[in-house]
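The values are calculated or read from the model by the stated rules, or taken from the named source; none is laboratory data. Since we're looking at a predicted model, the values are computed, not measured. As a convention, Cβ positions derive from the backbone with ideal geometry for all residues, glycine included, and neighbour counts pool all protein chains shown. Keep in mind that these areas ignore ligands, DNA and RNA; they rest on the heavy atoms of the full protein, side chains included. Shrake-Rupley method; radii C 1.70, N 1.55, O 1.52, S 1.80 Å.
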Amino acid sequence: FLPIVVKAFEMEITPANRIVARIGETLILTCNTTGCASPRFSWRTQMDNPLGGKVNNNRTYSTLTMDPVSAVNSHDYLCTVLCGGKEKKEKSIKVELYSFPSDPIIEISPSLVAGELVNITCKIPDVYPSDHLEVFIKKEEHVLHEENFFEDDSTDVETKTVTYLFNLTTEDIGKEITCVAKLPIDNTDFEPQERVTSQTLHANFGPQNTIITASPSHPLMEGDPLKLTCVTESNPPAQIVWRKHLAGESIQHLIENNVLSIPHARFTDSGLYICEVINPVTNKMEKATVDIVIQGAPNITELSIAPFTTVQEGENVSIQCSAESNPPPKIIVRRKSDSAEMGPYSEGRIILLPSVMFLNGGDYECVAENKFGKTKSEITLNVEYRPRNTMISVSPAAAVKEGETVTLRCTSSGNPAPVISWKKKVTGESEKIFKDATLTIQNIKSQDLGLYECEAYNQFGKEERAVKLLVQGRLESPDQMIRLIIAFSAVTAIAVPTVAFLIYVSRKAKINGSYSLVKALRLKV
């Protein structure tokens, strides 16, 4: 038989030696025994403070569970084991706690304005033990303020606060403010032992140094693109409004943007532009202005006839031209003509035609010119008038034989163009026989003889002319019965004596059987 080995009575605590635990976690202490069949366990603190945990005894070990561990658990814990009522063993373990759960919180006084005092607050939440805490406030790499809590006697987790007041300058804008919190505990390796938070300084200031840049910067020609940019220094960003001075000191609101773009600049875009910037936080406003001048060849903006382009003869008429350019244009309004005589002419913006005549009708032009070029525009004046200068021509002009052809032509001027018609006097009444300027009578016979009237008509009036076709009768030779057609043309008013004379000749022919017009005329002389 093998000999029976009896183990000696021993105990141990795990974790062994020193424990550093984070507040809020679960911590379990275990007390183990060997060499004792029925051990009895007990737990206490050296200062007989409450355990702050739950004990669970098993056959050969006992546990003390702290869930969650808190500041009240920062003690030396003693585990006592009795074996058989004779032997007793004890061991202790020191529980050290810490709390450093999150990075610092930086608070900077709101509505920071350059030139004013700024309050920086650095908060370290739920820190323990605070008597180890060190805090640094830095601007970039420069330490502005340092503070420690070595004399603090807090026994529980606390949020520690460090404040610092300094004068903010515009040079500080955009720099980082950093809060560094350190919680070093000797002979421990918990992480992190240092926590850092940074925040950029965004002070409210401005607007200031507001300027306008124009692109292109060289003199602008009409049609060029124009871009005006308003630049200012402001935080928060300023509200930008573009305005333009108009005539009479009025101001036109354009856009709310830092860039004003005009794709194709016109002469009317010349003027004083205003960039107005407002900081809604500082309630400050600043303005910048720029004078824009657009140059170029003239543009004719208006060429008009008053009262209308179509007028009646005798009305008062004006022809007016307007043009824009920079420099201002020289304007000429004149009658357009291929001849040397130009007709109405004005070295100015207007031609006046009092009691206009039909001869004044036609094309007129406006010429606008400056050093950059010349521009022309045309307009037509239409003068309406009643028919005039009505005339009748007869072809052939000499006497013709019966059976030949006679052509009567009537011409007249007027606007609108006159409508021409022919009438023939029949038994004292005029009867319309033809509607055209040319009346042709073929194979003329005695019944075609008589008074022919030409009427020229338009909406403004009419004018008439007349011609009488007469037959001579017989010639000097009795056996010759060749008839001649004689045409006379005259205004109705002056045709009566001639007609009377011709009637006299005709009657004479009927009486005598034959009649010589030549002899009759010779006798009158």
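Data for the structure
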| item | result |
| --- | --- |
| Two-decimal Rg to Rh for the chain - Kirkwood Rh, Cα set | 1.65 |
| For segment 209-292: rounded, prolate or oblate by the Cα gyration tensor [a/c cutoff 1.5] | prolate |
| Computed [θ] at 222 nm, helices only, for the chain once each DSSP H run of length n ≥ 4 contributes -39500 (n - 2.57) | -2000 deg cm²/dmol |
| Cα-based reach from Lys374 at 25 Å (exclusive), listing lysines while leaving out same-chain residues under 8 positions away | Lys330, Lys336 |
| Straight-distance crosslink candidates among aspartates and glutamates, where the alpha carbon sits under 19 Å from Lys89 and sequence neighbours closer than 8 are dropped | Glu10, Glu12, Asp48, Asp76 |
| Under Karplus coefficients 6.51, -1.76 and 1.60, residue-wise ³J(HN,Hα) of segment 345-358 in Hz, glycine/proline x | 8, 9, 8, x, 8, 8, 10, 9, 10, x, 6, 4, 10, 5 |
| Of Lys138/Lys284; Lys423/Lys462; Lys91/Lys182; Lys139/Lys182; Lys7/Lys91, those spanning more than 26 Å from alpha-carbon to alpha-carbon | Lys138/Lys284; Lys91/Lys182 |
| Total charge dipole magnitude, segment 96-210, about the Cα centre, Cβ charges on Lys, Arg, Asp, Glu only, Debye to nearest 20 | 680 |
| Cα-based reach from Lys287 at 29 Å (exclusive), listing lysines while leaving out same-chain residues under 8 positions away | Lys175, Lys227, Lys244 |
| About the Cα centre, charge dipole magnitude for the chain (Lys/Arg +1, Asp/Glu -1 at Cβ), debye | 5480 |
| Val317 long-range amide H proximity, modeled H, under 5 Å | Leu353, Ser355, Val356 |
| Dipole axis of the chain (+1 Lys, Arg; -1 Asp, Glu on Cβ), positive-most option in Phe460, Phe41, Ile292 | Phe460 |
| Under 5 Å, built H, 5+ apart or other chain: amide partners of Asn326 | Gly296 |
| Accessible surface of the chain [probe 1.4 Å, protein heavy atoms]: carbon and sulfur percent | 50 |
| Folded to 0 to 90 degrees: helix 492-512 orientation relative to the chain principal axis, Cα | 30 |
